[in-house]
Amino acid sequence: MRERITARVLLLDPAQRILLMKGRLPSDPTAPGAWFTVGGGVEAGESVMQAAAREIVEETGFTDAVLGPVVWYGEGIYYDRKRRPLVVRESYVLARCAGGEVSRDGWQALERELVDDIRWWTLDELARLSEDIYPLDLVRMLPDVLAGRFSDPPLPIRYRDPLVQETPTT
């Protein structure tokens, strides 16, 4: 089965707000969107941390982000546009920046097609949100990250989506 290694980013501003994007999966572009973290695939020859730094610049335009540790890890089976299975292994990297207005100048065509919104959220706002948020446990697990409490090794996360099958984390 094909595999995709990804760097997801818990990007925080000085007010402890997290930046999330709202979009749809390539396997079901007409479905309602869900909120998710900044990030994307690790390219050949790149580390997870290098990919996280690159994705922050590409998806936000922010060049001042300071990367912290990988705090969460998960994997699941996603499906591409042709409904072919793909094992996705996600590392969630903590990062901080000065915040501000996001630039979409570095977005790829697929992001422009499938991402509907991007904005900063407080934990309280996320707790009241009725829309789907990924990772599933973001609201439950984020307070420890905001307080500077991290686990080594990173904590596992879980998935919940009809097109995503959970696989055990290691």
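The values are calculated or read from the model by the stated rules, or taken from the named source; none is laboratory data. None of these values were measured; they are calculated from a predicted model. Positions of Cβ are backbone-derived with ideal geometry, glycine not excepted, and every protein chain shown enters the neighbour counts. When the accessible area is computed, the model is the full protein with side chains, heavy atoms only, and any ligands, DNA or RNA have been set aside. Shrake-Rupley method; radii C 1.70, N 1.55, O 1.52, S 1.80 Å.
Just the number please: accessible area per residue for the chain, 1.4 Å probe, all protein chains included, in Å².
Dividing the accessible area of the chain by its residue count gives 51 Å².
Leaving out ligands, DNA and RNA, what percent of the accessible area of the range 1-122 is carbon and sulfur, probe 1.4 Å?
53 percent
For the chain, which span is the longest to avoid every loop-located (per DSSP) member of trypsin sites (Lys or Arg not before Pro) having at most 13 other Cβ atoms inside 10 Å?
That would be 1-80.
Which of the GluC sites (Glu not before Pro) found in the range 1-108 are in a DSSP loop and have at most 14 neighbouring Cβ atoms, other than their own, within 10 Å?
Passing both the DSSP loop test and the Cβ count: GLU43, GLU101.
Wrap a convex hull around the Cα atoms of the chain, take a quarter of its surface area, and give that in square nanometres.
9.6 nm²
How much mean residue ellipticity at 222 nm does the chain get from its helices, if each DSSP H run of length 4 or more adds -39500 (n - 2.57) and you divide by all residues, to the nearest 500 deg cm²/dmol?
Helix contribution divided over all residues of the chain: -5500 deg cm²/dmol.
Please identify the GluC sites (Glu not before Pro) of the range 113-149 that satisfy two criteria: DSSP loop assignment and at most 11 other Cβ atoms within 10 Å. Which are they?
Within the range 113-149, the qualifying GluC sites (Glu not before Pro) (loop, at most 11 other Cβ atoms within 10 Å) are GLU131.
Would you mind calculating the gained length between ASP152 and ARG128 on full extension (0.36 nm times residue separation, minus the Cα-Cα distance), in nm to one decimal?
Gain on stretching ASP152 to ARG128: 5.7 nm.
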